[in-house]
Amino acid sequence: MHLWDPLPDAPGEAGSRPEPAHVAEARRVAEQLGIPHHTIPLQELFESEIIEYFVNEYLRGRTPNPCILCNRRIKFGALLKKAEELGAAALATGHYARIQWDPSASRFKLRRGRDRRKDQSYFLFLLNQEQLDRILLPLGDKSKVEVREMASRLNLPTAEKAESQEICFIPDNNYRSFVEIRRGQGLAGAGKIVNRQGQELGRHEGIYSYTVGQRRGLGIAAPHRHYVLALDAEENTIIAGKDEELFAADLAVREVNWVSIPPPEEKIEAEVQIRYRHPGAPGTLVPLEGGRVRVELKIPQRAVTPGQAAVFYRGDEVLGGGWIERSL
């Protein structure tokens with residue numbers, strides 16, 4: 001997939017720059033294996049579906065997770081469709097997760113990857129049964145070490161390729177600068193930092209620069225440390241407080257997708273993961289109308305962040321998940 005052009009060609013100079021490194025690498029691997037290589041231009045779709053979402057979420061006071069949306073709309077949306085047009089029987093990707101057919105339930109089950117440290121099932125909760133039926137995840141039963149050893153034995157040119165930890169369209173990890181460049185002069189500027197009682201503690205430089213749980217950059221002179229508790233985009237205000245105020249036991253989750261089970265009609269128990277590196281916490285899921293769920297955690301969790309995903313597990317099975325609306 002060709003998704004992102006940080007430096008698009010100048011008018012009249014289409015194709016003047018060399019192809020992106022990842023495209024060249026994929027081409028070399030395909031040539032070595034003797035299989036066809038196709039480059040699929042998806043820049044416009046990526047711009048409208050992922051980039052715009054990413055910027056708008058920050059401006060709304062939420063912290064986005066573009067990889068989750070990209071999996072649903074780009075990789076297992078547009079790319080899967082293109083694979084079918086090419087006559088492919090299935091689409092295989094390098095996600096560390098597993099798909100298993102459960103004959104007793106007549107459903108596909110999405111499960112964690114065997115290597116828990118690399119498990120990426122958190123990013124796949126938006127998939128549906130039709131997509132799971134046409135996807136292969138060959139790395140799900142392997143560790144990263146095993147995969148590198150296999151690639152080395154095959155002499156693949158990407159065997160020792162460094163892992164990327166950043167969002168693909170922000171290689172320098174500077175989200176603030178990216179949002180400012182995309183929105184220019186239309187950004188809401190400085191505003192108040194207040195406590196829960198509404199008392200002003202300081203000033204901020206734009207709420208898109210902050211996220212729940214953040215401590216650095218607040219510039220508050222006080223005898224104790226302050227953390228971002230919440231962001232109010234309508235009032236252009238940041239609510240700050242002590243670390244203990246960051247903990248919440250209940251949260252509201254919207255646009256819930258049940259990937260491995262039918263939508264439950266009554267409350268169920270599950271392990272809830274509120275961010276990618278979160279270890280998970282036991283909780284009760286209470287279904288509500290309109291595809292929403294109230295999550296009641298057994299143990300309060302720190303920095304429940306609107307815009308991030310809450311993903312529900314039973315053992316290594318992904319029950320489903322949705323977007324965190326707010327802590328309650």
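For the reader, a short list of remarks on this structure follows.
- Candidates Leu288, Leu297: the one that is at pLDDT 95 or above and open to solvent by 60 Å² or more (accessible area, probe 1.4 Å) is Leu288.
Okay, residues lined up against (1) open to solvent by 30 Å² or more (accessible area, probe 1.4 Å); (2) under 25 Å from Ile167 (Cβ atoms); (3) of a type in the set (Phe, Trp, Tyr):
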site	(1), (2), (3)
Gly184	yes, yes, no
Ile193	no, no, no
Glu205	yes, yes, no
Gln214	yes, yes, no
Leu218	no, yes, no
Phe247	yes, no, yes
Ala252	no, no, no
Pro263	yes, no, no
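- Members of the stretch 113-137 found to be among the hydrophobic types (A, V, I, L, M, F, W, C), in a loop (DSSP other than H, G, I, E, B) and closer than 22 Å to Ala26 by Cβ, listed by number: Leu137
- Filter pass, Glu296 being touching a strand residue (DSSP E or B) at 6+ places or on another chain (Cβ under 9 Å), of a type outside the set (Ser, Thr, Tyr) and in a strand (DSSP E or B): yes
- Here the stretch 47-89 is the region considered, the condition is being within 17 Å of Tyr210 (Cα to Cα) and among the charged types (D, E, K, R), and the residue that is most open to solvent (accessible area, probe 1.4 Å) is Arg60.
- From the list Ala240, Ala252, the one residue that fits, being within 22 Å of the chain's Cα centre (by Cα), in a strand (DSSP E or B) and of a type outside the set (D, E, K, R), is Ala252.
- Condition met for Leu110 (at pLDDT 95 or above, more than 22 Å from Ser164 (Cα to Cα), open to solvent by less than 20 Å² (accessible area, probe 1.4 Å) and part of a helix (DSSP H, G or I)): no
- Among the candidates Ile239, Ile207, the residue that is among the β-branched types (Val, Ile, Thr), touching a Ser or Thr at 6+ places or on another chain (Cβ under 8 Å) and within 26 Å of Asn173 (Cα to Cα) is uniquely Ile207.
- Flag for Arg277 being open to solvent by 60 Å² or more (accessible area, probe 1.4 Å), within 21 Å of the chain's Cα centre (by Cα) and at pLDDT below 95: yes
- In the set (1) surrounded by fewer than 19 Cβ atoms within 10 Å (Cβ to Cβ); (2) closer than 30 Å to Thr211 by Cα, Thr93 fails one condition alone, (2).
- Contact map, the stretch 69-86: residues that are under 13 Å from Ser48 (Cβ atoms) paired with residues that are open to solvent by 80 Å² or more (accessible area, probe 1.4 Å), Cβ distance under 9 Å, separation 6+ or inter-chain. Pairs shown: Cys70/Cys168.
- Search result, residues across the stretch 157-182 that are assigned to a helix (DSSP H, G or I) and surrounded by 12 or more Cβ atoms within 10 Å (Cβ to Cβ): Tyr175, Arg176, Ser177, Phe178, Val179, Glu180, Arg182
- Some residue of the stretch 138-156 being of a type outside the set (A, V, I, L, M, F, W, C), at pLDDT below 95, in a loop (DSSP other than H, G, I, E, B) and farther than 20 Å from Thr93 by Cβ: yes
The values are calculated or read from the model by the stated rules, or taken from the named source; none is laboratory data. These numbers come from a predicted model, not from an experiment. Positions of Cβ are backbone-derived with ideal geometry, glycine not excepted, and every protein chain shown enters the neighbour counts. Ligands, DNA and RNA are excluded from the accessible area calculation, which covers all protein heavy atoms including side chains. Shrake-Rupley method; radii C 1.70, N 1.55, O 1.52, S 1.80 Å.
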